[in-house]
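Step one of this worksheet: look at the structure below.
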Amino acid sequence: MEKLTGFKKTKTAVFISGTGSNLKNLIRFSKTKKSPISINLIISNNSLAGGLKYADQFNIKKKLFSFQNYKNAEKNISMLLKKEKIKFVCLAGFMKILSKNFIKKYDGKIINIHPSLLPKYKGLNTHSRVIKNKDKFAGCTVHYVTENLDSGKIILKKKFKVTSKDSVASLTKKVLKLEHKLYPAAIMKIFY
Ligand code: GRF
């Protein structure tokens, strides 16, 4: 990512599929003076995504895309990103895997947050794998998106100690809380 030169915030789109707590957190962050990004577009594949409410709440443009036809969806998303002059994309609980072609177009400009200490536990059910394997640490990672799932260069990662009392539910809560610190920090790291 090009380092920040002026005062203009980089136009950013956030892709979501669910609750959108990271989206809400990123919107709050984007409104701070120090934020290098502004959030100008919210994209979802899921009409029931709770996070879509933040588009109305914060007056941000939102758009739904059905991924029944992946090619069409990505083509239309590309067109919209271009139209809206979006230069940076944050995936935040987006449950579709973007194609190699799409990612190539935005090479180095799409990042994701993942609820594990990558490269450990790519994919789903990260917390149950931590519990099952009796891991000493859990955490989350912000990384660049590449064609291989959850495998792009790591930007920031943060861990904490798992206790004997921890469950999937408690880890979900703890990791999400940490994610809300990590995502803005990773964005700051990229731009400054
Ligand atoms: C987060 O745990 C994120 O790491 C994962 O999906 C979850 C999304 O949560 N990819 P939210 O929708 O931001 O609340």
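The values are calculated or read from the model by the stated rules, or taken from the named source; none is laboratory data. Keep in mind the model is a prediction, meaning the values are calculated, not measured. Backbone-built Cβ (ideal geometry, glycine too); neighbour counts: all protein chains shown. Note: areas computed on protein heavy atoms with side chains; ligands, DNA, RNA excluded. Shrake-Rupley method; radii C 1.70, N 1.55, O 1.52, S 1.80 Å.
One table, with the values for the structure above:
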{"item": "Debye intensity ratio I(q)/I(0), log10, the chain, q values 0.11, 0.17 Å⁻¹ (C-alpha model)", "result": "-0.48, -1.14"}
{"item": "Length gained when the stretch Lys33-Lys134 is fully extended (0.36 nm per residue, less Cα-Cα span)", "result": "32.2 nm"}
{"item": "Relative contact order [Cα under 8 Å, 6+ residues apart], the chain, whole percent", "result": "21"}
{"item": "Karplus-derived HN-Hα couplings along region 179-188 (A = 6.51, B = -1.76, C = 1.60, θ = phi - 60°), whole Hz, x at Gly and Pro", "result": "4, 5, 8, 5, 4, x, 4, 5, 5, 4"}
{"item": "Spin-label model distance (nm) - Lys8 vs Lys75, 7 Å beyond Cα toward Cβ", "result": "3.0"}
{"item": "Charge dipole magnitude, Cβ of K and R +1, D and E -1 - the chain, Cα centre, debye nearest 20", "result": "460"}
{"item": "Difference of contour (0.36 nm per residue) and Cα-Cα distance, Gln68 to Leu48", "result": "5.6 nm"}
{"item": "Stretch in the chain that is longest and holds no trypsin sites (Lys or Arg not before Pro) that DSSP places in a loop and that have at most 12 other beta carbons within 10 Å", "result": "35-84"}
{"item": "Reachable lysines, given that their alpha-carbon falls under 22 Å from the alpha-carbon of Lys136 and they are not under 8 places away in the same chain", "result": "Lys120, Lys122, Lys157, Lys158, Lys159, Lys161, Lys165, Lys173, Lys174, Lys177, Lys181"}
{"item": "Net dipole in debye of region 91-184 [+1 Lys, Arg Cβ; -1 Asp, Glu Cβ; about Cα centre; nearest 20]", "result": "260"}
{"item": "Within region 7-107: Cβ-based charge dipole about Cα centre, in debye rounded to nearest 20 (Lys, Arg +1; Asp, Glu -1)", "result": "440"}
{"item": "Kirkwood hydrodynamic radius of region 112-192, Cα pairs, Å", "result": "12.8"}
{"item": "Estimated FRET transfer efficiency (Lys165, Tyr192; beta-carbon r; R0 35 Å; 0.05)", "result": "0.35"}
{"item": "Rounded accessible area per residue of the chain, 1.4 Å, Å²", "result": "56"}
{"item": "Fraction of antiparallel bridges per DSSP, the chain only, in percent to nearest 5", "result": "40"}
{"item": "Region 7-107 - percent of accessible surface contributed by carbon and sulfur, probe 1.4 Å", "result": "52"}
